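Scroll down for the structure; my scribbles are underneath it.
The values are calculated or read from the model by the stated rules, or taken from the named source; none is laboratory data. What you see is a predicted model, and the numbers here were worked out from it, not measured in a lab. A quick note on method: Cβ atoms are made from the backbone with ideal geometry, for glycine too, and the neighbour counts reach across all protein chains shown.
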Amino acid sequence: MYLGGGQPAIGSAIRRLLFLLCALLLLESCASTRRIGESKATLWEVQGEHNRVYLLGSIHVLSKQAYPLKPALDRAFDDAKKVVFEINLNRFTQQTFKKEFSRTAFYPPGESLFKKLSPQTIELLNSLLPLYGLSLKKVARLRPWFLAEALGSRTLEMAGFSDQLGIDLYFYRKAKAVGKPVLGLESLRDQAEIFDRFDDKQNEEYLLSTLSGLPSYAETIQQLVNAWRDGDVRSLDRLLNQDKQADPATHDALFSKRNTKWIPEIERFAHGDGNYLIIVGAGHLVGDDGVVAQLRRNGYSVQQL
């Protein structure tokens, strides 16, 4: 299955976009969920009014080598009454994905990459796309940001990473198996509109930035996975936020605005009765504008487990 003007050759990459848009992990510690001898995980505990809220940094794509997970992650899941993801995965289907992203990820009839990109970028794509079994004609109606995400996704897939092995789906399947309620912090439409305000110049810059990083993309993600596995917050912050100064518009769209928007809902969970496990990409949890830092500034006790 494929969307709009897309071709079957990029269908699998497009289906994985949702799990790459978000970015990746989290921050701090508590003896109640951590046992002696374990290193820290990319997992935090927020002390609520009468409950606990766990914040788990997700890597949305992983390889088989990432498993088994640290026991602390499963213990947090077991202790939680409800599980919260960036979006409510119960509502994610190919139909809803197509409906929301066809509005923002594809050019309307009469517009295409041929008319929007510079001759130099067109030439670069003509040389690169065949490596993915694609041609410019096949992807002409994809907006540059969406094409960038699809190529990044395909690059990781070719290197052995898969969203089917990601933290989100791992715990979503567990929640469904035991009947735990699943919630979301934002809607699929919210995610579809993340890049919607990019003008032609920003779109092309985002595509070019992505293309330049593709040769080392899998290696970078592996470094990220290693830091995530070790609960190495400093490395996560460096890897995930290194482009914050160079590309503040993208960082703001992907992280800052969404983090701030989520805080009131997370605080509402912290005033609930049952325990919650919140699973979002790590980029939302590290850094001075991350969820963990914002909660601490709001007076919450947040400890890495």
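A few remarks follow.
- Cβ-Cβ contacts under 8 Å between residues 6 or more apart (or on different chains), taken from a first residue in the range 183-204 that is closer than 17 Å to Asp252 by Cβ to a second residue that is assigned to a strand (DSSP E or B), are listed as Glu186/Glu86; Glu186/Ile87; Asp190/Ile87; Gln191/Glu86; Gln191/Ile87.
- Considering the range 235-297, the qualifying helices (runs of 4 or more DSSP H), each wholly inside and each with 3 or more residues that are modelled with pLDDT under 95, run over 248-251.
- Residue that is nearest to Phe146 (Cα to Cα) [pool: residues in the range 87-123 that are surrounded by 18 or more Cβ atoms within 10 Å (Cβ to Cβ) and of a type in the set (Gly, Ala, Ser)]: Ala105
- Filter pass, Phe198 being farther than 20 Å from Gln242 by Cα, at pLDDT below 95 and among the aromatic types (Phe, Trp, Tyr): yes
- Between Asn275, Asn259, the distinction of being in contact with a His (Cβ under 7 Å, 6 or more places away or on another chain) and crowded, with 17+ Cβ neighbours inside 10 Å belongs to Asn259 only.
- Top-ranked residue of the range 65-75 - restricted to ones that are within 19 Å of Ala227 (Cβ to Cβ) and out of contact with any Asp or Glu (no Cβ under 8 Å at 6 or more places or on another chain), ranked as surrounded by the most Cβ atoms within 10 Å (Cβ to Cβ): Leu73
- Candidate set: the range 266-305, residues that are over 24 Å from Asn241 (Cα atoms) and among the acidic types (Asp, Glu); chosen: the one nearest to the chain's Cα centre (by Cα): Glu267
- Residues of the range 228-256 that are surrounded by 15 or more Cβ atoms within 10 Å (Cβ to Cβ), of a type in the set (A, V, I, L, M) and touching a residue at least 24 places away in the same chain (Cβ under 8 Å): Val233, Leu236, Leu240, Ala253, Leu254.
- Output for the range 285-303, where each listed residue is touching a strand residue (DSSP E or B) at 6+ places or on another chain (Cβ under 8 Å) and farther than 22 Å from His50 by Cβ: Leu285, Val286
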